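Below you'll find the structure, written out as structure tokens, and then a few comments.
What follows draws every value from the coordinates through simple rules; no lab data is involved. None of the values given here were measured: they were computed from a predicted structure. Here the Cβ is made from the backbone with ideal geometry for all residues, glycine too, and neighbour counts use every protein chain on show.
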Amino acid sequence: MPDTLDRVVKTTCPRDCYDSCGVLIDVRDGAVRRVRADASHGRTHGALCGKCALAYNGAWIDPRKRLSAPLRRSGRKGAGAFEAVSWDEAMAGIAARLQSVVARRGGPSILQTHYTGTCSLIAGNFPLRFFNRIGATEVDPDTVCNKAGHEVLQLMYGSSTFGFDPRTSADARCLVVWGANPSACGPHIHKYWLQELRGHAKLIVVDPIRHDTAASADLHLAVRPGADALLAFSMLHAMRRQGLLDESFLAAHAEGWDAVRAQVDAADPALTAKRTGVDAALVEEAARWYGRGPSLLWMGQGLQRQASGGNVFRSVALLPAAAGQVGRAGTGLLYLNGAAHRGLDVDRLCGSALRSVPAPAVSHMDLAAALEDPARSAALFTWNNNIAASSPEQSRLRRALEREDLLHVAVELFETDTTRFADYVLPAASFMEFDDVVLPYFDYAVSAQVGAAAAPGQSLPNQEIFRRLARAMGYTEEPLFESDAALIEGFIAELGIGIAWSELARRGTVPWREQPVIPFAGPAFPTPGGRIDIASERWVAAGLSYAPRAEADAAPAQGRLRLLSPADGWLMNSSYGNDAEIARQLGAQSVRIHPAEAGRRGLQAGQAVRLRNGAGELEVTLDTSDAVPEGVALLPKGRWPMREAQGANVNVLHGGVRTDVGASNAVHSIEVEMIAL
Ligand SMILES: Nc1nc2c(c(=O)[nH]1)N[C@H]1C(S)=C(S)[C@@H](COP(=O)(O)OP(=O)(O)OC[C@H]3O[C@@H](n4cnc5c(=O)[nH]c(N)nc54)[C@H](O)[C@@H]3O)O[C@H]1N2
Ligand SMILES: Nc1nc2c(c(=O)[nH]1)N[C@H]1C(S)=C(S)[C@@H](COP(=O)(O)OP(=O)(O)OC[C@H]3O[C@@H](n4cnc5c(=O)[nH]c(N)nc54)[C@H](O)[C@@H]3O)O[C@H]1N2
Ligand code: SF4
Ligand SMILES: [Mo]
């Protein structure tokens, strides 16, 4: 019989990914038959990334893998024993316990973690209205990822989410990608946008690892991990010598440059090469290309995930200021392009006005400590977030999650390492099952997420789960019950794209504005002084030094390796780790070092090694590659602990080390010993 389709639904991938691909879902008999690329989408071209092509056609549409009914714990914490209950029973049971917690301990004793499970506007944010109403403590989501970088760019440029518009790349003659890996984290940007750019611009990559984007660059500066601030100052020194510093731009549009002059003068690349690991000639060449411009700077999230991440970030962010490479087409810097610069009312979306009890934010670096202490936490919600895989202090966190008196509610698509510890597991619908809006964070665009099929069993979108819980709590505030349709209409009005939802859904993705966005045009900067803040007392108040410092981390102590655990091309954070095909692609959990490093240690590829430090230990297979420099070990994030023999992933080695600003994740600063088994 011919395989006839009922319809093809055009939608958007809402993963935490620079690409925000256009997706087509083939539907037959009301069920998803196949998920594929929307070839007409400007970024996606003809294919989804490998991981989504597998997982969206595998675990994500496999009813045996998905959660389909609310579950209530029936064994001891962490045993993973549950019984199915009705929504009414689940909501009544949770609400009764929450009411008692609020009465006895107050709203702030309820902790909630959420992050990148889905990044669509409603499913990613609407539940915050409930948590604001109840007065819960938010575990600051950015502290597990990119908070240090946000704090720095906010102080320095007045915004961290107002990056260059990729459409202006035609005007650029140079792009520096510093501490980002588009080949894994934005595969279509790597394949198409960078390729197009290279027709008229030089590509410089600064990264300890020679990943595929670095390998394809005109210049790869294989910096020692944590030596980026000193390398940035070395580039400034070279630019100064080549007459490429823009003193008049600095005088007009920046304050505090005088406080770094002496360090720029001292950072001669010939003198710093030993500490940065980068040859002086390469630094001179990079400085020439960048300084001549027009130049773009892409600052990765991996870059700031180190103990000195704040100082590193502000030192690298000096480049556009010192070379006058900002405020015009073909110039500027990019971290993430945020929703507020497209007119979205984020406070309204998150229901900030519903909060009456102030609650301090907690860092993910303190999560285990906060959860093991009954005085700090009586209840926990985890939604859009798999803390038992993604957060630091993995062993300590699991012990804390075993607390019998901690009410834990998890909202998920799958049974994960985190849901196993929950008292209630609430089944969430996936992006294929409801309408929403996606704001890409690379492109200034607006995309439709269009529901294609019914959610499995009784699962519901995040937002509907929290509407039901608000009702069970007896809350009556109207914003807690706003419908998806009204929310979407509100977004479209705020974004000012001039078309209705039906038209957006038909087109899939539209540019936010027809004309490219030029951030900080004028130039004008939304800092208190209206100028780029290089050095001032504001930095001291934030806990950093008055001026950026031309420093590099010391090399690891004798015998130790610096362990980097960036994104894996086959995983999306921990998502997809439960897909059988993805698991096959991933193979055994392994750590990669340089062959010379292995040789020196008398180790061989394929053998088992133990990684160990003060936080924990992990047994993995050794792999060698000269893409990893000596002194460094590479072990990507995102494995599912429950699928590993030892029940742990790389975060078992993470003792909660934090950045110098923002109490954020310094996971790339971890050091380990490597022991042959
Ligand atoms: N070692 C190491 N650890 C790291 C990092 C690192 O570089 N190294 N990076 C960190 C970074 S940058 C981040 S952002 C964090 C990310 O950490 P997480 O936020 O834990 O990211 P995911 O693993 O994608 O987990 C999201 C969970 O949400 C679920 N989910 C997906 N869609 C939905 C939905 O619609 N509703 C609900 N309720 N759930 C959904 C998925 O099934 C998944 O289990 O990890 C951090 N951890
Ligand atoms: N396939 C895939 N895509 C993803 C994700 C995923 O897990 N998988 N995660 C998503 C999320 S949550 C995020 S935050 C983004 C992250 O995307 P990116 O910003 O690209 O961040 P990472 O992959 O964590 O790290 C990028 C690079 O930082 C480098 N790095 C580490 N230490 C240093 C250092 O000291 N100096 C310099 N210069 N570089 C260093 C690493 O070697 C790595 O190549 O990607 C998103 N996209
Ligand atoms: S994860 Fe990224 S690359 Fe993969 S389909 Fe989604 S948006 Fe595209
Ligand atoms: Mo992230």
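Placing pseudo-labels 7 Å out from each Cα toward the beta carbon at Arg612 and Arg28 gives an inter-label distance of 5.6 nm.
For Gly508, nonlocal amide neighbours, meaning residues 5 or more places apart or on other chains whose placed amide H falls under 5 Å from its own, are Ala448. Taking the DSSP beta bridges with both ends in the range 407-551, the antiparallel portion is around 55 percent. Run through the DSSP bridge list for the chain and note the antiparallel percent, rounded to the nearest 5. The antiparallel proportion sits near 45 percent. Spin-label model, Ala605/Glu673: points 7 Å from Cα along the beta carbon direction are separated by 2.8 nm. The phi-based Karplus calculation (6.51 cos²θ - 1.76 cosθ + 1.60; θ = phi - 60°) puts the 3J(HN,Hα) values of the range 401-408 at 5, 7, 4, 5, 8, 8, 6, 10 Hz, whole numbers, x for Gly and Pro.
In debye to the nearest 20, how big a dipole does the chain give about its Cα centre with +1 on each Lys and Arg Cβ and -1 on each Asp and Glu Cβ? Please report the intermediate quantities before stating the final value.
Numbers: 69 positive and 74 negative charges, 135 e Å.
Once rounded to the nearest 20, the dipole reads 640 debye.
Full extension of the chain segment joining Glu402 with Ser352 gains 14.8 nm, where the gain is 0.36 nm per residue of separation less the Cα-Cα distance. Taking other C-beta atoms within 10 angstrom as a stand-in for reagent exposure, Val450, Val205 fall in the order Val450, Val205, fewest first. Taking a spot 7 Å from the Cα of Ala645 along the direction of its beta carbon, which residues of the range 601-639 have an amide N less than 17 Å from it? It comes to 604-612, 617-623, nothing else.
With the simple model of a label 7 Å out from the Cα in the direction of the Cβ, Arg538 to Arg241 spans 3.3 nm. Figure legend: label point modelled 7 angstrom from the Cα of Gln585 along Cα→Cβ; residues of the range 168-198 with amide N under 14 Å from it are 183-188.
Taking other residues whose beta carbon is less than 12 angstrom from the beta carbon of Gly256, and scoring Lys, Arg as +1 and Asp, Glu as -1, yields 0.
Please give the contour-minus-distance gain from His45 to Glu196: 0.36 nm per residue of separation, less the Cα-Cα distance, rounded to one decimal in nm.
53.0 nm
Note on Tyr441, Tyr56, Tyr335: ascending count of other Cβ atoms within 10 Å places them as Tyr441, Tyr56, Tyr335, the fewest first. Count Lys and Arg as plus one, Asp and Glu as minus one, and take only other residues whose Cβ is under 14 Å from that of Gly291; the net charge is then +2. This model, with +1 at the C-beta of Lys and Arg and -1 at the C-beta of Asp and Glu, gives the range 287-347 a dipole about its Cα centre of some 340 debye.
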